[in-house]
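A.B. asks: Structure provided below as structure tokens; questions to follow.
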Amino acid sequence: MKNILSSTKISRAAIRLCVPLCCLLTPPSYAIPPVAFDMDRAREICDSIPLDNIEGIWIYPADNVSVMVSRKEHVSGISFDEYEIMIIESYDGNLIPGECIGTITASSDAKKFSIELFTERKGLDLLKPKKCTASLSNDCDVLTINYNQSKYKLRLNLNPSVLLPNLWKSVIRIGTTTSGKESDYTPAGMIKIYPSYDGNGSTRRKPRYL
């Protein structure tokens with residue numbers, strides 16, 4: 001009987017030690033970033049958390065690709081907020097819903113960002129990230145991408161493995177414009193489609209008529 005009682009006490013003590021240890025090893029649920037694999041799920045996420053100006057659902061019109069921009073978990077030592085660009089919908093076979101195709105980093109100017117996008121795929125790996133600058137419109141519904149490198153560094157091998165090929169064609173064309181006139185090119189970037197400025201899916205650049 002004494003042996004049984006001793007074993008019971010040891011078992012209880014072991015359980016008391018294991019429970020807090022398991023809690024430490026298991027990450028809290030709020031530390032797991034939400035993932036959107038389709039438009040409905042992306043809208044649910046947007047509706048469930050506070051969003052800043054850059055967060056939400058955007059579309060790259062040139063390639064008809066929808067993405068969700070959401071804040072990454074803050075890392076100690078990093079001054080500015082970082083955001084992930086997650087694929088929601090795409091007609092491009094090289095892009096898969098749920099994939100992160102790049103990041104956006106804030107700056108001291110609330111309307112200026114740096115953006116890094118992968119440009120190619122090899123198997124399951126996304127490769128060759130390119131860094132650009134990005135400007136948010138006054139209405140916070142358009143993010144214009146600019147590539148400020150010399151024309152000799154702008155050349156991309158636009159083969160079938162290139163991600164967002166039409167966007168990059170526009171960005172390269174803008175980067176090599178010599179006259180500097182806005183009328184010489186069409187801005188490249190993405191347009192916010194949710195949350196919309198009027199709550200019914202409209203953007204200021206593409207109004208919804210009743």
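The values are calculated or read from the model by the stated rules, or taken from the named source; none is laboratory data. Being a predicted model, the structure only gives us computed values, none of them experimental. Positions of Cβ are generated from backbone atoms using ideal geometry, with glycine treated the same way; all protein chains shown enter the neighbour counts.
A.B. asks: Suppose we keep only residues that are among the aliphatic types (A, V, I, L, M) and touching a strand residue (DSSP E or B) at 6+ places or on another chain (Cβ under 8 Å) within segment 50-74. Which one would you say is surrounded by the most Cβ atoms within 10 Å (Cβ to Cβ)?
C.D. replies: Val67
A.B. asks: Ok, one more. Name the one entry in Tyr91, Tyr147, Tyr83 that is among the aromatic types (Phe, Trp, Tyr) and under 18 Å from Ala188 (Cα atoms).
C.D. replies: Tyr147
A.B. asks: I need the full set of residues from segment 131-161 which are under 25 Å from Cys100 (Cβ atoms), modelled with pLDDT of 85 or more and not small (Gly, Ala, Ser), in order please.
C.D. replies: Lys131, Cys132, Thr133, Leu136, Cys140, Asp141, Val142, Leu143, Thr144, Ile145, Asn146
A.B. asks: Of all the strands (runs of 3 or more DSSP E) wholly in segment 16-119, which have at least 2 residues that are more than 11 Å from the chain's Cα centre (by Cα), at pLDDT below 95 and polar (S, T, N, Q)?
C.D. replies: Here the list is empty.
A.B. asks: Which condition from (1) at pLDDT 80 or above; (2) surrounded by fewer than 20 Cβ atoms within 10 Å (Cβ to Cβ) is the one that Leu164 breaks?
C.D. replies: Against the list (1) at pLDDT 80 or above; (2) surrounded by fewer than 20 Cβ atoms within 10 Å (Cβ to Cβ), Leu164 comes up short only on (2).
A.B. asks: Here's another thing I want to ask about it. Could you please give the count of residues in segment 97-133 that are surrounded by 12 or more Cβ atoms within 10 Å (Cβ to Cβ) and either farther than 23 Å from Ser79 by Cβ or of a type in the set (D, E, K, R) (or both)?
C.D. replies: Here the count works out to 16.
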